[in-house]
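One structure is given here, and the rest of the page talks about it.
The values are calculated or read from the model by the stated rules, or taken from the named source; none is laboratory data. It should be emphasised that the depicted structure is a prediction, and the values quoted were computed from it without experimental measurement. For neighbour counting, all protein chains shown are included, and Cβ atoms are generated from backbone atoms with ideal geometry for every residue, glycine included.
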Amino acid sequence: MKNIIFIFIILFSINGCTIVSTPKKSEGEQTQLQVRQFQTREFDTNDIKLVMKALVNVLQDDDFIIKNAVVDLGLISASKEIDLTTSRTSKSDFWEEFFKAIFSDSKSRRNDPTIYNKLKIVEATINVSEYGRRTKVRANFQAKILDNRGNPVEVFTVDDEKFYRDFFAKVDKGIFLQKQGL
């Protein structure tokens, strides 16, 4: 009996001394600073109102609905809903092509054919601030897939550098058009 108690004590003391390690980042993961760097761009104007108007125009051109825009805070929030059950052909929709590669319909079925991906919601939050003689813009995008019952299937924060490069190229053109009064 003493041997069994001794064995249990040894097992519990070994188990209690295990080292807890933090999970290592995989090679593909980026640090918060790296993500922030490609989510942020500076533009050669310190006219925050002009930049915000250009951002609103770019978002509206991409079928976003502006939910909130506060010039004093330099904050814009917008969202875009895409019905996944209709097969519509559109003008080479940048957003649909990007998110088509991320989400697949099979993830939501969960062995139940009555459940299917119904709605894709893309949300944008943009912060605009004066930075000396320039304006700094930081954009953050998140996508959600909802099934036909309104339950979230997947939520994904967009952290693709090319996506943000393309978005900021549109913003740069939008600022040019806004300066020209077009």
Out of segment 28-76, which residues are among the aliphatic types (A, V, I, L, M) and under 14 Å from Glu161 (Cβ atoms)? Leu33, Val35
Give Phe168, Phe99 a once-over and let me know the one that is touching a strand residue (DSSP E or B) at 6+ places or on another chain (Cβ under 6 Å), closer than 18 Å to Asp63 by Cα, part of a helix (DSSP H, G or I) and modelled with pLDDT under 90. Phe99
Looking only at segment 129-139, decide whether some residue is among the β-branched types (Val, Ile, Thr), touching a strand residue (DSSP E or B) at 6+ places or on another chain (Cβ under 6 Å) and buried (at least 19 other Cβ atoms within 10 Å of the Cβ). yes
Every residue from segment 140-159 that is charged (D, E, K, R) and farther than 22 Å from Leu55 by Cβ: Asp147, Arg149, Glu154
Among the residues of segment 143-157, is any assigned to a loop (DSSP other than H, G, I, E, B), modelled with pLDDT under 95 and closer than 14 Å to Gln37 by Cα? no
Filter result (of a type outside the set (Lys, Arg), closer than 20 Å to Val122 by Cα, out of contact with any strand residue (DSSP E or B) (no Cβ under 7 Å at 6 or more places or on another chain) and at pLDDT below 95) within segment 41-90: Thr86, Ser87, Thr89, Ser90
